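Worksheet: the structure to be examined is printed underneath.
Read-outs throughout are calculated quantities, based only on the coordinates presented, and are distinct from any laboratory measurement. What you see is a predicted model; the values in this text were computed from it and never measured. Backbone-built Cβ (ideal geometry, glycine too); neighbour counts: all protein chains shown.
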Ligand code: ADP
């Protein structure tokens with residue numbers, strides 16, 4: 001399957017994407033994670049991306065599209081993929097369409113995760129991520145690690161993402177409403193959108209997502 005995941009920051013896209021990718025046996029491609037990997041390796045791309053990310057803004061399309069294209073062209077993505085965080089505006093959606101068209105392939109579904117604003121703010125404020133593997137995500141009250149500051153899975157250090165501060169979160173939500181939400185209408189016109197609630201226990205949301213995708 002070829003799936004795009006959309007939803008506001010804090011809706012649980014990363015958490016659900018990891019689980020769905022495993023169940024569906026397709027790679028999870030997260031542009032946010034790719035940028036963070038570049039930042040920790042201190043690449044030129046990482047240095048460029050960091051200033052935009054820390055401010056809560058989108059990284060310019062040109063570099064984002066090139067990076068996403070490069071990742072999607074790797075051999076593990078031939079049979080399908082789950083895109084998390086890309087496309088994030090209408091121009092990126094157009095670029096993705098072009099790329100798929102050249103390859104003669106199509107998206108199967110756009111999974112839209114819905115969560116109320118006060119909930120996503122709470123989730124982001126308490127989010128802690130493992131430095132060793134950004135798929136290991138905790139929350140100080142909703143899913144605390146056994147030992148504070150230490151990843152249960154691999155023992156890595158847990159930290160708060162630079163862009164998870166309260167002031168940056170507001171900008172990210174604003175950017176989501178103005179730039180990312182319009183892609184839902186873009187894909188709705190193609191009959192691809194399935195919307196589910198991102199509220200409730202993680203397992204329940206995954207089950208809901210799999211159920212919604214089975215119709216596609
Ligand atoms: P979240 O969905 O929780 O906001 P992500 O990890 O997906 O977090 O993204 C973090 C940041 O990375 C974004 O705020 C943005 O600066 C940058 N980013 C990720 N994906 C894209 C994209 N497709 N286009 C531009 N910037 C992006």
Volume per residue (Å³) of the convex hull spanned by the alpha carbons of the chain is 118
Using 0.36 nm per residue, how much length does the chain from residue 199 to residue 146 gain when fully extended, once their Cα-Cα distance is taken away? 16.7 nm
Residue 216 and residue 78 label points (each 7 Å along its Cα→Cβ direction) are spaced in nm at 2.4
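Under 8 Å for C-alpha pairs, at least 6 residues apart: give me the relative contact order for the chain, rounded to a whole percent. Could you put the intermediate results ahead of the total?
Values: 312 pairs, mean separation 63.9, N = 216.
Value for the chain: 30 percent.
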Just how far, in whole angstrom, is the stretch 1-65 from the stretch 125-143 if you go by their alpha carbon centroids? 16
Fully extended contour minus Cα-Cα distance, from residue 125 to residue 166, at 0.36 nm per residue: 14.1 nm
Which value at 222 nm does the chain reach when only helices count, each DSSP H run of 4 or more adding -39,500 (n - 2.57), with the total divided by all residues and rounded to the nearest 500 deg cm²/dmol? -14000 deg cm²/dmol
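What is the order of 90, 205, fewest Cβ neighbours within 10 Å to most? Numbers along the way, then the final one.
Numbers: 90 14, 205 22.
Taking fewest neighbouring Cβ atoms as first place, the list is 90, 205.
In square nanometres, what is one fourth of the surface area of the convex hull spanned by the alpha carbons of the stretch 102-204? Could you put the intermediate results ahead of the total?
On the way: hull surface 35.5 nm².
For the Cα atoms of the stretch 102-204, the hull's average projected area reads 8.9 nm².
Grab the Cα-Cα distance for residue 90 and residue 154, subtract it from 0.36 nm times how many residues apart they are, and report the gain in nm with one decimal. Write down the numbers at each step before the final one.
Working: separation 64, 0.36 × 64 = 23.04 nm, distance 3.77 nm.
This chain segment gains 19.3 nm when fully extended.
Highest first, please rank the peptides 8-15, 131-138 by the mean number of other Cβ atoms sitting within 10 Å of their residues. Walk me through the intermediate numbers first.
Working: 8-15: 23.4, 131-138: 16.9.
By packing density, highest mean first, the sequence is 8-15, 131-138.
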